[in-house]
Amino acid sequence: MTAQTSTHPWRKLKLNLSHRLADFNPVQWLTSLLLPVTGIVVFLMLWHVGAGQINTSLGTFPGPVDVVEQSQSLWQGHVAEREKETAFYQRQEERNAARMADDPSYSPTIHSYPGKATFIDQIFTSLVTVLAGFLVSSVIAIPCGIIIGLSRSTYQAVNPIIQIFKPVSPLAWLPLVTMVVSAVYVSDDPMFDKSFITSLFTVTLCSLWPTLINTAVGVANIDRDLLNVSKVLRLPTFTHIRKIVIPSAIPMMFTGLRVSLGIAWMVLIAAEMLAQNPGLGKFVWDEFQNGSSDSLGRIMVAVLAIGLIGYALDRIMLMLQQAVSWDKTSEQR
Amino acid sequence: MTQTHLELSGVGIDFPTPKGPFTALSNVNLKVRDGEFVSLIGHSGCGKSTVLNIVAGLHQATRGGVLLNGKEVDEPGPERAVVFQNHSLLPWLTAWENVELAVKRVFGKTKSRAELKDWIAHNLELVHMGHAMHKRPGEISGGMKQRVGIARALAMQPSVLLLDEPFGALDALTRAHLQDSLMDIQSQLGTTVIMITHDVDEAVLLSDRIVMMTNGPSATVGQILEVDLERPRNRLALADDVHYNHLRSAVLTFLYEKQRKIEPISSRATATTPAKKKTEVA
């Protein structure tokens, strides 16, 4: 197996890089950089001018400058909160150590820090929630999609149900999910907050469909020749699914997963607002209720953060798709 | 004459259509000896592929049946390996892995790991793919893909090898190359082969017998031509051979005089594009 060395991933990467370096064209590179930068600069100017024209009861609409200021203040708030937190724990430890020295039988208790979640904490909460919801939806949608795609009759039976539930807004699901979670998820020492569970399942319910449909379509449209190969080899059902069906459907599956993750992230913000899950949605809602002169600027920071994170999630999915899929020509929009 | 290896008796098939059943084949009779190379030739749409699919077990005959070594064929199986026109390799697996899938399925329980490995390598070498064993189908040429397809089929050690226009989608030079390879391999292994083709030269060069099919509907065997050219055959030497040319013109006469197919220009244009000829009589 001498040919194995040339397909080694590390060598491939090196080869790829050297090819790219050889193709490096400064003029092309500059224009490819220049155009997006121009776009952004023009947008910032228009935004700056436009924002100044809009007056609200909380002052003018936030422009780029406000956003920069507010993001700095949010970051400083985060840093300050962290310092307070470490100081809080340090004080406790000192106090406990002192009491232990006085009275060796004393068993110290550590109180957790009661301070409020910062913007950064809220971003983190949102990410955890969306990924958990997306994971649950994928775990349900992929196997179901495969089962539906394998049989025409199942597909026809299930299709109307999918089509009806697919366009339902998260806001419609939320009250139902909230009530069900309150009724079902009862525990004295809950591992997760109810608001987290509610947001998670709302995300799941809304992001299930694209993966489900795409997986089913991908499975249903496997090349007939490949199915014939499987028949000639008399592959057992399970091997057939593992060796032929799943690899065939992977490009479609990932297209679905990318759409699902996009929807999950969009739905999450609405779900968090209503469920009061301490993430970005709650941040936006709290700032809106707060109504200080900084509020609109802070909301705008959240809007941009939501956009950037959504973009990053999509890129990560695309990278994952390219790593996993055999079909390297899959769309890259 | 050795014993009959494969026998089609009174095979007919109807396909359901909205206007009632369409009889694609009727009363197809054929006996194939062990180690024989038989070609099926006929105009497109005559049901050549359907015959092959029935032998493969991918279609069920409505009437009659197929016997292989005295056993009736009723489902697909590796003892009747098929090489499809469009290679049908799994694109996410390398050449090696494609052959491995078949080998493990057929010999996974009877051969040791080392034996399996040797067997895969042996079959890839046989089709001269030793140098590109670990490439994926997307990285190799059409001819190479078809070689791997043949290796995969041969690796199952089939009782009969079914080739469905195996070289139809290839350019003339590659095709000639692969025909020579196939001739070589068949004489080495003595495999029984049924090949569908629409190339007269290919049929005469490779076959022991050429089965010429009439036009559908209700297509059947029109005439069988015995190709008694000595083996090994050399395409260059045969080009000037009187007997070869005589056989060739016999096939041509059948196709273009006795079974002349008159089609409107538009459908003819699609019929002569081999790559598109997939649907057959569906």
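Sorted by average packing, counted as other Cβ atoms within 10 angstrom per residue and highest first, what order do B:26-38, A:158-170 take?
Values: B:26-38: 18.8, A:158-170: 12.7.
Ranked from most to least packed, the peptides come out as B:26-38, A:158-170.
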Handout entry: Degrees separating the helix A:170-184 axis from the principal Cα axis of chain A, which is the longest one
Key = 80 degrees
Exercise for the section: Output the relative contact order of chain A, whole-number percent, from Cα pairs under 8 angstrom with separation of 6+ residues. Expected result: 20 percent
Fill in the blank from the handout: Per the C-alpha gyration tensor (a ≥ b ≥ c, the square roots of its eigenvalues), segment A:20-89 is rounded if a/c is under 1.5, else prolate if a/b beats b/c, else oblate; here it's oblate
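Between A:S32 and A:V49, 0.36 nm times their residue separation minus their Cα-Cα distance comes to what? Can you show the working numbers first?
On the way: separation 17, 0.36 × 17 = 6.12 nm, distance 2.70 nm.
Gain on extension, A:S32 to A:V49, equals 3.4 nm.
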Handout entry: Cut-off 13 Å between beta-carbons: net charge of the residues surrounding B:F167, Lys and Arg +1, Asp and Glu -1
Key = -4
Handout entry: Candidate aspartates and glutamates - alpha carbon under 20 Å from B:K111, same-chain residues fewer than 8 apart omitted
Key = B:E79, B:E97, B:E100, B:E125
Fill in the blank from the handout: Quick note on A:E93, B:E100, B:E7, ordering by fewest other C-beta atoms within 10 Å, gives A:E93, B:E7, B:E100
Practice task
Give me the angle, in degrees from 0 to 90, between the Cα long axis of helix A:280-290 and the longest principal axis of the Cα atoms of chain A, rounded to the nearest 10.
Solution key: 30 degrees
Handout entry: Value of Rg to Rh for segment A:144-193 (Rh from inverse mean 1/r over Cα pairs, i.e. Kirkwood)
Key = 1.19
Handout entry: segment A:242-331: trypsin sites (Lys or Arg not before Pro) falling in loop per DSSP and having at most 15 other Cβ within 10 Å
Key = A:K328
Practice task
Would you kindly derive the ³J(HN,Hα) couplings of segment A:234-247 from the backbone phi angles with the Karplus curve 6.51 cos²θ - 1.76 cosθ + 1.60 (θ = phi - 60°), listing them in order in whole Hz, with x for Gly and Pro?
Solution key: 6, 5, x, 3, 5, 5, 4, 5, 6, 8, 10, 5, 5, x
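Are any of the pairs A:K116/A:K282; B:K71/B:K104; A:K243/B:K71; A:K84/A:K282 more than 21 Å apart by Cα-Cα distance, and if so, which? Could the numbers behind the result be given before it?
Numbers: A:K116/A:K282 13 Å; B:K71/B:K104 24 Å; A:K243/B:K71 30 Å; A:K84/A:K282 23 Å.
Where the Cα-Cα span goes over 21 Å, the pairs concerned are B:K71/B:K104; A:K243/B:K71; A:K84/A:K282.
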Fill in the blank from the handout: For the protein assembly as shown, percent of DSSP beta bridges that are antiparallel (nearest 5) comes out at 55 percent
Handout entry: As computed over the protein assembly as shown, the Cα convex hull volume per residue (Å³)
Key = 286 Å³
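Exactly which trypsin sites (Lys or Arg not before Pro) in segment A:77-173 are in a DSSP loop and have at most 15 other Cβ atoms within 10 Å?
Answer by residue number: A:K116.
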Exercise for the section: For segment A:173-215, just run the numbers: alpha carbon Rg, then divide by 2.2 N^0.38 Å, N being how many residues it has. Expected result: 1.35
Practice task
Go ahead and run the numbers for FRET between A:F24 and A:S73, Cβ-Cβ distance against an R0 of 35 Å, rounding to 0.05.
Solution key: 0.25
Practice task
Would you kindly compute the Cα radius of gyration of chain A and its largest Cα-Cα separation (Dmax), both in Å?
Solution key: 26.0, 82
Problem - MRE, 222 nm, helices only [DSSP H, n ≥ 4, -39500 (n - 2.57), over the protein assembly as shown, to nearest 500] - result: -19000 deg cm²/dmol
Fill in the blank from the handout: When A:W265, A:W209, A:W285 are arranged by how many other beta-carbons sit within 10 Å of their Cβ, fewest first, they go A:W285, A:W209, A:W265
Fill in the blank from the handout: quick shape note, segment A:216-333: Cα extents on principal axes in Å, largest first -> 72, 28, 17
Exercise for the section: For segment B:177-264, would you read off the P(r) tail past 18 Å as a percentage of all alpha carbon pairs? Expected result: 47 percent
Fill in the blank from the handout: So, with points 7 Å from each Cα along the Cβ direction, the B:H243-A:K166 label distance in nm works out to 6.6 nm
Fill in the blank from the handout: If one compares the long axis through the Cα atoms of helix B:172-189 with the longest principal axis of the Cα atoms of chain B, the angle in degrees, nearest 10, works out at 70 degrees
Problem - Principal semi-axes in Å for segment A:105-260 [√(5λ), Cα gyration tensor, largest first] - result: 41, 19, 14
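Let's test the formula: R0 of 60 Å, r as the Cβ-Cβ distance of A:H111 and B:E125. What FRET efficiency results, to the nearest 0.05?
Values: r = 74 Å, r/R0 = 1.23.
Working from the Cβ atoms, E equals 0.25.
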Problem - Percent breakdown of C-alpha pair distances by 5 Å bin, ordered from the shortest bin, for segment B:30-73 - result: 5, 18, 27, 28, 16, 4, 1
Fill in the blank from the handout: Any aspartates and glutamates whose Cα falls less than 17 Å from that of A:K14, other than same-chain ones fewer than 8 residues away, would be A:D23
Handout entry: log₁₀ of I(q)/I(0) at q = 0.10, 0.11, 0.13 Å⁻¹ - segment B:1-151, Debye sum with one point per alpha carbon
Key = -0.47, -0.56, -0.75
Fill in the blank from the handout: At q = 0.18 Å⁻¹, the log10 of I(q)/I(0) for segment A:265-333 from a Debye sum over equal Cα scatterers comes to -0.72
Handout entry: Footprinting exposure proxy for B:S44, A:S137 (fewest neighbouring C-beta atoms within 10 Å first)
Key = B:S44, A:S137
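Over segment A:44-185, what lengths in whole Å, largest first, do the semi-axes of the equivalent ellipsoid take, defined as the square roots of 5 times the eigenvalues of the alpha-carbon gyration tensor?
45, 34, 14
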Handout entry: Measure of compaction for segment A:184-267 (Cα Rg per 2.2 N^0.38 Å)
Key = 1.55
Exercise for the section: With label points built 7 Å along Cα→Cβ from the Cα atoms of B:R113 and A:I40, find their separation and express it in nm. Expected result: 5.2 nm
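Full-extension gain between B:K19 and B:D228, please, as 0.36 nm times their residue separation minus the C-alpha to C-alpha distance.
On the way: separation 209, 0.36 × 209 = 75.24 nm, distance 4.48 nm.
Extra length available between B:K19 and B:D228 comes to 70.8 nm.
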Problem - Where only C-alpha atoms are counted, convex hull volume of chain B per residue in Å³ - result: 146 Å³
Problem - Linear extension gain, A:M191 paired with A:M179, 0.36 nm per residue minus alpha-carbon span - result: 2.5 nm
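Rounded to the nearest 5, what % of DSSP beta bridges with both residues in segment B:132-262 are antiparallel? Don't jump to the answer; show the numbers that get you there.
Values: 5 of 10 bridges.
The antiparallel proportion sits near 50 percent.
Distances longer than 16 Å among the Cα atoms of segment B:81-142: what percent of all pairs is that? Don't skip to the end; give the middle numbers.
Values: 860 of 1891 pairs.
Here the long-distance tail beyond 16 Å is 45 percent of all Cα pairs in segment B:81-142.
Each reported figure results from applying straightforward, stated rules to the coordinates on display, with no laboratory input. On a predicted model such as this, the values are computed, not experimentally measured, just so you know. In this analysis, Cβ positions are derived from the backbone assuming ideal geometry, glycine residues included, and neighbour counts consider all displayed protein chains.
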